[in-house]
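Quick notes on the structure that follows.
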Amino acid sequence: MLEHKRAFVLVPKLESFEALAAELAACGVRATRVPDTDIDVKAMRERLDLTQEQFALHYGLDLDAVRNWEHGRRKPDTAARSYLRAIYNDPAAVEAALWLQPEPPSGR
């Protein structure tokens, strides 16, 4: 935590986030909640003005997964929720990072 200036901690059961945040603040540590809420994939996709097919293609997602999320047949798993939150917060940066071609190793 000291080296990277951040740490992620899973707290499975918590009586009061506010009390924990206050205790940590007294030690000079800021606590932030990572939302564990459902993501409205359809609303996000429509905000980006993309079809299901375009959304899947732009962000490297399986089209069937997008359809299942939107129709409520499945919920995104933890990794997918994190990825979808990143898309929601900065879609252009996620798309650029996803399709950025890595530099070839030097000396070749």
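Here are a few things to note about the model shown:
- Residue that is outside any helix (DSSP H, G or I), modelled with pLDDT of 90 or more, open to solvent by 70 Å² or more (accessible area, probe 1.4 Å) and more than 30 Å from L100 (Cβ to Cβ), where the choices are R73, R30: R73
- First in segment 2-18 and under 13 Å from T32 (Cβ atoms) and in a loop (DSSP other than H, G, I, E, B), second anywhere and open to solvent by 100 Å² or more (accessible area, probe 1.4 Å) and among the aliphatic types (A, V, I, L, M), Cβ under 7 Å, 6 or more apart: A7/M1
Each row is one residue, and each column tells you yes or no for (1) at pLDDT below 90; (2) of a type in the set (S, T, N, Q); (3) more than 30 Å from L100 (Cβ to Cβ).
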| position | (1), (2), (3) |
| --- | --- |
| M1 | yes, no, no |
| V9 | yes, no, yes |
| A22 | no, no, yes |
| D36 | yes, no, no |
| K42 | no, no, no |
| T51 | no, yes, no |
| W69 | no, no, no |
| T78 | yes, yes, no |
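- Selection count where residues are open to solvent by 80 Å² or more (accessible area, probe 1.4 Å) and among the acidic types (D, E), scope segment 76-106: 2
- Residues satisfying the stated conditions in segment 33-56, i.e. in a loop (DSSP other than H, G, I, E, B), open to solvent by less than 70 Å² (accessible area, probe 1.4 Å) and in contact with a Lys or Arg (Cβ under 9 Å, 6 or more places away or on another chain): P35, I39, T51
The values are calculated or read from the model by the stated rules, or taken from the named source; none is laboratory data. Model, not experiment: these values are computed from the prediction. Quick reminder, even Gly has a Cβ in these numbers, built from the backbone with ideal geometry, and neighbours come from all protein chains shown. Heads up: the accessible areas ignore ligands, DNA and RNA and are worked out on the full protein's heavy atoms, side chains in. Shrake-Rupley method; radii C 1.70, N 1.55, O 1.52, S 1.80 Å.
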